[in-house]
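Participant: Sharing a structure below in structure tokens format, with a few things to ask.
The values are calculated or read from the model by the stated rules, or taken from the named source; none is laboratory data. Because the structure is predicted, anything quoted here is derived from the model rather than measured. No Cβ is skipped: glycine too gets one built from the backbone with ideal geometry, and neighbour counts run over all protein chains shown. Quick note on the areas: whole protein, heavy atoms, side chains included, nothing else; ligands and nucleic acids left out. Shrake-Rupley method; radii C 1.70, N 1.55, O 1.52, S 1.80 Å.
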Amino acid sequence: MVTKIPATIITGFLGAGKTTLIRHMLQNAKGRRIALIINEFGDLGVDGDILKGCGDETCREEDVMELSNGCICCTVADDFIPTMEKLLAREDKPDHIVIETSGLALPQPLVRAFNWPGISTQVTVDGVVTVVDGKAVTEGRFAHSVEAVDAQRKLDENLDHETPLSELFEDQVACADMIVVNKTDLLDAAEADALVANLRSSARDGVQVITTSMGKLPVDVLLGQGIGAEADLASRHEVHHHHEHDGDDHHDEEGDDHDRHHHEHDHDAFESFVVTLGEIANAKAFADQTSDIIRAHDILRLKGFAAVQGKPMRLRLQAVGPRVDTYFDQPFGAAPRVTRLVVIGQAGLDRPVIEAALHACCPAG
């Protein structure tokens, strides 16, 4: 069985911080070799210049590809598909593909493109990540600079939609598997909480809403969602039926300035810990109970393995938000029959309560 290469689509308006997010990801890739497709267009490929080489072996210069003919959702067949085919024809294929869209892009047509013959058999959409400028959205502007968005729109001769920013924002949220609310250090706690609550109510069930100030997300949170978004288009339909859009991330200048001036912030935004349990009695019941615990405590990722009574094989468990996937992967052999789970979330997880809840799921231990 051929394993498909996972691809993550990162979308969001000009200045939201997409490039900063990707740069941090490359610098903390934990050995993954990542190929980047950047939807840059205009006079200068600034995003490419920022990103090339920043990951060294993780993302070599030849692994950074720029699409400069216009907004990606309007040039799928002419620009994106040939680039993907060229990338997939390589002998040294990447471990993961990350696509940074133009802020003008509607994400749905791009996700749909992964059903293209020749691509659908080799690549799957690991997840769609929408990066939000928390300050701008709270103030009703959606993008840091509406003027810069309008200027970028005028540069794109292939653009075939003129969607208002508010409507494009709704479409980006509707397609998201994860929403990253960036620049939250510019908001007070009440503003940040209100924005997160509003986004959760607007998004599909199970979509994670994560706050940060400089796009600093653990790689294990950003990548490895395993969504398969191209097979789930019906649930992420465009809110507004158009082929029109708004707002490019052509330079991410504001995100870069923000990063430089606040580099000391956000070191402890995420935490993780390991929970060791005994054997569990029932695999399905344990997965269901784990999903409830994840929902109750806003856990971002939970992964590890479990020992199931009467089963010689180890149960591998991986959860992205409340969606829990399990399968038996290998015999325990001489290894201790214990259950070990890694819990990952934003700072402030109630570790004692989470540990107690997980222990309650396996009284046999």
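Participant: Among the residues of the stretch 136-146, are any open to solvent by 10 Å² or more (accessible area, probe 1.4 Å), under 20 Å from the mean Cα position of the chain (by Cα), at pLDDT 85 or above and closer than 29 Å to Asp188 by Cα?
Facilitator: Yes - at least one qualifying residue is present in the stretch 136-146.
Participant: Identify all residues within the stretch 284-330 that are open to solvent by 40 Å² or more (accessible area, probe 1.4 Å), part of a strand (DSSP E or B) and among the aliphatic types (A, V, I, L, M); write none if there are none.
Facilitator: Met313
Participant: Filter the stretch 81-116 for residues that are in a strand (DSSP E or B) and of a type outside the set (Val, Ile, Thr); which is surrounded by the fewest Cβ atoms within 10 Å (Cβ to Cβ)?
Facilitator: Top of the filtered list is His96.
Participant: Looking at the stretch 117-130, which of its residues are open to solvent by less than 20 Å² (accessible area, probe 1.4 Å) and either touching a Leu at 6+ places or on another chain (Cβ under 6 Å) or more than 18 Å from Gly321 (Cβ to Cβ) (or both)?
Facilitator: Residues satisfying the conditions are Ile119, Val123.
Participant: Something else about it: What are the residues in the stretch 152-165 that are open to solvent by 50 Å² or more (accessible area, probe 1.4 Å) and modelled with pLDDT of 60 or more, if any?
Facilitator: Within the stretch 152-165, just Pro164 meets the criteria.
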